[in-house]
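The structure appears right after this line, and notes come after that.
The values are calculated or read from the model by the stated rules, or taken from the named source; none is laboratory data. What you are looking at is a predicted structure, and each value in this text was computed from that prediction instead of being measured. Note that each Cβ is placed from the backbone with ideal geometry, even for glycine, and that neighbours are counted across all protein chains shown. When the accessible area is computed, the model is the full protein with side chains, heavy atoms only, and any ligands, DNA or RNA have been set aside. Shrake-Rupley method; radii C 1.70, N 1.55, O 1.52, S 1.80 Å.
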Amino acid sequence: MKTQTENPAPAPHLERQLSNRHIQLIAIGGAIGTGLFMGSGKTISAAGPSVIFVYMIIGFMLFFVMRAMGELLLSNLNYKSFSDFAADLLGPWAGFFTGWTYWFCWVITGIADVIAIAGYSQELWPALPLWIPGLATIAILLLLNLTTVKAFGETEFWFALIKIIAIAALIVVGLFMIFSGFSTDAGPASFTNLWSHGGFFPNEFMGFVAGFQIAVFAFVGIELVGTTAAEAKDPEKNLPRAINSIPVRVLLFYVGALIILMSVTPWTEFSAGHSPFIAMFSLAGLGAAATVVNLVVLTSAMSSANSGIYSTSRMVYGLAQEGDAPAVFGALSGRKVPRNALFLSCVLLLSGVVLMYAGQDIGKAFEMVTTVAAVCFVFVWSMILASYLVFRTRRPQLHAASKFKMPGGIPMVWVVFAFFAFVLWTLTTQPDTLLALLVTPVWFILLGTAWSVLRRRPAHLSRYAAFQAELAEDKEQEAISAGRHP
């Protein structure tokens, strides 16, 4: 046995380089996925105007998940992400399952993003071979993430800003069309289109349910701000700001945009596979709409891939610190970046380039795989809430001292759990999502098998003990500080 496993070196630390504007825009970028730009046509056609309530309800419920996450992360600033507090509060198995499941979610999402980027690039430049934009994307994002975490924050800041400008432009142009009496073949642009084509629930209850089944995937990544905890400047101030702005972001970017889209054009005109954004800008007489929106969606997919590379590398780094991943991934470069973990993420994303040439059915395969990933995100959100319940029981003094308490407390946790059960039920109502739901347990069986082998290894036990000691030392320092500064 190597001596380094018996006497682990002090854990290296990530640097706090992400400013308030970085954290705010990372949070916004996490909340706005490509699903809003390209997938909202399918959601609207399934649920009709009731999709407005669907997005409001999902956003409302996930706000409490984020508040629980915020209270836990700020209760001990030595937590690097939510897998850390899961390991500390629920046990090492929870950190292992949460961390690797989150990693799996983002790797799958990142591979899908690489394929999407190649597809959007080919629409803009038809003669371009698919592998060129795929490789270029991975290379650019790797170089940006290898420099400093500030470079990642800066890149994500501008990616998110482009998405915000696109949605703001849609809302402004749409309002002008509504108030100027604009008319299409389907009738005049008016807010009355929201209820004059079968009411708010034209497809009745099951149409409303179908909206949840699709829309919940659009919120994947909303928890991304939690992986920035170890690299955020002044986290006590910046994390609460980012989390508290979630309801405003949901109302403006999702609900606001959908109200405008369905007011300009009746919901009956939307269909899956067609971007409502392109359709509305085309109606407004903006001939370059298709090109502009394709560029926006391209940057949105780049943003998602960038987030995937960042979050997977930080999660593997955290897992290595706890002994749940090979120690080599717990090393930091001279710039305080987990270089080896970044290389692992990018090597896995390269499989997306290979899969682009695997055949015609790859699109359907990825639709199912990303559904599996979204179900796994629900698992991660549930683990955050489960950790909060244990935190309230075991550490009431930290909850009492918290300046960022979760509103609603324990009863609200059970309300959100009930909502997640409802979401899982909605996935059983369609054959494709039901299949994805049925194959998801395979991932957890693989994890369980790996954990049964890993948990007895001396290297794991040693590094987990060091992780616990580091948390205990941080708590002791906080207690001393609180004693000196009542």
message: When the residues of segment 39-53 are narrowed to those that are hydrophobic (A, V, I, L, M, F, W, C) and surrounded by 24 or more Cβ atoms within 10 Å (Cβ to Cβ), which ends up modelled with the lowest pLDDT?
response: A46
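Find the residue count for segment 393-414, including only residues that are touching a residue at least 12 places away in the same chain (Cβ under 8 Å) and under 15 Å from V65 (Cβ atoms).
Quick first cut of segment 393-414, residues touching a residue at least 12 places away in the same chain (Cβ under 8 Å) only: 394-395, 398-399, 401-410, 412-413.
From what's left, under 15 Å from V65 (Cβ atoms): 404-410, 412-413.
Final tally of qualifying residues: 9.
Please verify whether G70 is at pLDDT below 70 and within 16 Å of the chain's Cα centre (by Cα), treating the condition exactly as stated. Working first, answer last.
Details: at pLDDT below 70: no; within 16 Å of the chain's Cα centre (by Cα): yes.
It is false that G70 is at pLDDT below 70 and within 16 Å of the chain's Cα centre (by Cα).
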message: Can you confirm whether M56 is modelled with pLDDT of 80 or more, assigned to a helix (DSSP H, G or I), among the aliphatic types (A, V, I, L, M) and open to solvent by less than 20 Å² (accessible area, probe 1.4 Å)?
response: no
query: Residue check, A421 against (1) surrounded by fewer than 14 Cβ atoms within 10 Å (Cβ to Cβ); (2) under 17 Å from I58 (Cβ atoms); (3) among the hydrophobic types (A, V, I, L, M, F, W, C); (4) more than 20 Å from the chain's Cα centre (by Cα), all met but one. Which one?
result: (4)
field: Out of I445, I410, I480, sole residue that is farther than 30 Å from A210 by Cβ, modelled with pLDDT of 75 or more, in a helix (DSSP H, G or I) and open to solvent by 30 Å² or more (accessible area, probe 1.4 Å)
entry: I410
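Is it the case that some residue within segment 218-237 is under 23 Å from G48 (Cα atoms) and in a helix (DSSP H, G or I)?
In the first step, residues of segment 218-237 are kept if they are under 23 Å from G48 (Cα atoms); the result is 218-220.
Restricting the remaining residues to those that are in a helix (DSSP H, G or I) gives 218-219.
Yes: one or more hits.
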query: If you go through segment 321-342 one residue at a time, how many are touching a residue at least 24 places away in the same chain (Cβ under 8 Å) and in a helix (DSSP H, G or I)?
result: 7
message: Quick check on my filter: what residues within segment 127-138 are more than 10 Å from L350 (Cβ to Cβ), open to solvent by less than 50 Å² (accessible area, probe 1.4 Å) and part of a helix (DSSP H, G or I)?
response: P133, A136, T137
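Would segment 152-162 turn up any residue that is assigned to a helix (DSSP H, G or I), in contact with a strand residue (DSSP E or B) (Cβ under 6 Å, 6 or more places away or on another chain) and not acidic (D, E)?
Let us first name the residues in segment 152-162 that are assigned to a helix (DSSP H, G or I), namely 152-162.
Now restrict to residues that are in contact with a strand residue (DSSP E or B) (Cβ under 6 Å, 6 or more places away or on another chain): 153.
Filter once more, keeping what is not acidic (D, E): 153.
Yes; the residues of segment 152-162 include at least one that is assigned to a helix (DSSP H, G or I), in contact with a strand residue (DSSP E or B) (Cβ under 6 Å, 6 or more places away or on another chain) and not acidic (D, E).
Being in contact (Cβ under 8 Å) with a residue 24 or more places away in the chain, open to solvent by 30 Å² or more (accessible area, probe 1.4 Å) and aliphatic (A, V, I, L, M) is the requirement here; does M177 meet it?
Working: in contact (Cβ under 8 Å) with a residue 24 or more places away in the chain: yes; open to solvent by 30 Å² or more (accessible area, probe 1.4 Å): no; aliphatic (A, V, I, L, M): yes.
Taking the combined requirement at face value, the residue does not satisfy it.
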- line: Scanning segment 79-95 for residues that are in contact (Cβ under 8 Å) with a residue 40 or more places away in the chain, open to solvent by 10 Å² or more (accessible area, probe 1.4 Å) and out of contact with any Lys or Arg (no Cβ under 8 Å at 6 or more places or on another chain), the one farthest from W195 (Cα to Cα) turns out to be D88
